[in-house]
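Asker: Quick one: the structure is below, questions incoming.
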Amino acid sequence: MMNAKWEYGEAVRLTRNVRNDGTYPGLDPGDFLVRRGSIGYVVDVGTFLQDQIIYSVNFLEEGKIVGCREEELIGADDPWTPSRFEFREKVVAAKGLSVGGNVLVEPGSVGEVIKVIRDAAAGVAYHIHFDRLPGRVLQIPEALLEPVATRE
């Protein structure tokens, strides 16, 4: 049996925006449900495919009970640094990006967030894969990125 990190009634914080995966009633798949940083309370703990713990979390301010994977949650009192972007979000380089004097990414180049680094020395940073650099991932400070387009 897997060990749940949180139990009924515990307060947790969501670390990623959650969209409907098709299991939330009354909304279309892909519709926005709960914003990252929101705090909710565990109301049930279950499993999915026998290898993932799923927490039913009641987000009182949003009026929604949403299933969340363990890696999408932290304790409500754990340190939290808000970020502009999240995993899988498309971003644009605000400036040319170079390594060792070689420009690797032109301004306006589109990339995808692979990882959010909330504890980087100079503030929030991201591992970004730019379309023009197949197979390479760069760590980019938040200030050097802009959103591609918003869906919300």
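Asker: Between residues in region 44-59 that are more than 17 Å from Leu14 (Cβ to Cβ) and residues that are at pLDDT 85 or above and open to solvent by 30 Å² or more (accessible area, probe 1.4 Å), which pairs lie under 7 Å by C-beta distance while being six or more apart or on different chains?
Answerer: Gly46/Ile54; Thr47/Ile54; Phe48/Ile54
Asker: Just to be sure before I move on: is Lys115 touching a residue at least 40 places away in the same chain (Cβ under 8 Å) and of a type in the set (D, E, K, R) in the structure I sent? Full working, then the answer.
Answerer: Details: touching a residue at least 40 places away in the same chain (Cβ under 8 Å): no; of a type in the set (D, E, K, R): yes.
No; evaluated as a whole, the condition is false for this residue.
Asker: Next up: Given the conditions (1) open to solvent by less than 80 Å² (accessible area, probe 1.4 Å); (2) out of contact with any Pro (no Cβ under 7 Å at 6 or more places or on another chain); (3) at pLDDT 90 or above, report the number of the one that Ala125 does not fulfil.
Answerer: If we test Ala125 against (1) open to solvent by less than 80 Å² (accessible area, probe 1.4 Å); (2) out of contact with any Pro (no Cβ under 7 Å at 6 or more places or on another chain); (3) at pLDDT 90 or above, just (2) comes out false.
Asker: Just give me the residues in region 11-43 being in contact with a Phe, Trp or Tyr (Cβ under 7 Å, 6 or more places away or on another chain), charged (D, E, K, R) and at pLDDT 85 or above, in sequence order.
Answerer: Within region 11-43, Arg13, Arg19 qualify.
Asker: Would you call Ala93 open to solvent by 60 Å² or more (accessible area, probe 1.4 Å), within 30 Å of Glu72 (Cβ to Cβ) and not charged (D, E, K, R)? Reasoning before the result, please.
Answerer: On the way: open to solvent by 60 Å² or more (accessible area, probe 1.4 Å): no; within 30 Å of Glu72 (Cβ to Cβ): yes; not charged (D, E, K, R): yes.
Judged against the criteria, Ala93 is not a match.
Asker: Would you point out the residue of region 15-55, among those that are surrounded by fewer than 12 Cβ atoms within 10 Å (Cβ to Cβ) and of a type in the set (S, T, N, Q), that is nearest to the chain's Cα centre (by Cα)?
Answerer: Thr23
Asker: Have a look at Ser98, Ser83, Ser109 and point out the one that is of a type in the set (S, T, N, Q) and within 19 Å of the chain's Cα centre (by Cα). Let's see the steps before the verdict.
Answerer: Details: Ser98 fails: within 19 Å of the chain's Cα centre (by Cα); Ser109 fails: within 19 Å of the chain's Cα centre (by Cα).
Residue meeting the stated conditions: Ser83.
Asker: For a quick check of your reading of the model, give me the residue pairs whose first member lies in region 28-41 and is within 13 Å of Glu86 (Cβ to Cβ), whose second is surrounded by fewer than 13 Cβ atoms within 10 Å (Cβ to Cβ) and of a type outside the set (Lys, Arg), with beta-carbon atoms closer than 6 Å and at least 6 apart or on different chains.
Answerer: Cβ pairs passing all conditions: Phe32/Glu152; Gly37/Pro82.
Asker: Can you tell me which condition Asn58 does not meet? The list is (1) open to solvent by 60 Å² or more (accessible area, probe 1.4 Å); (2) at pLDDT 90 or above; (3) of a type in the set (S, T, N, Q), and all the others hold.
Answerer: Among (1) open to solvent by 60 Å² or more (accessible area, probe 1.4 Å); (2) at pLDDT 90 or above; (3) of a type in the set (S, T, N, Q), Asn58 violates only (1).
The values are calculated or read from the model by the stated rules, or taken from the named source; none is laboratory data. For clarity, every value in this text was computed on a predicted model and none was experimentally measured. Note that each Cβ is placed from the backbone with ideal geometry, even for glycine, and that neighbours are counted across all protein chains shown. What goes into the accessible areas is simple: the full protein's heavy atoms, side chains included, and nothing from ligands, DNA or RNA. Shrake-Rupley method; radii C 1.70, N 1.55, O 1.52, S 1.80 Å.
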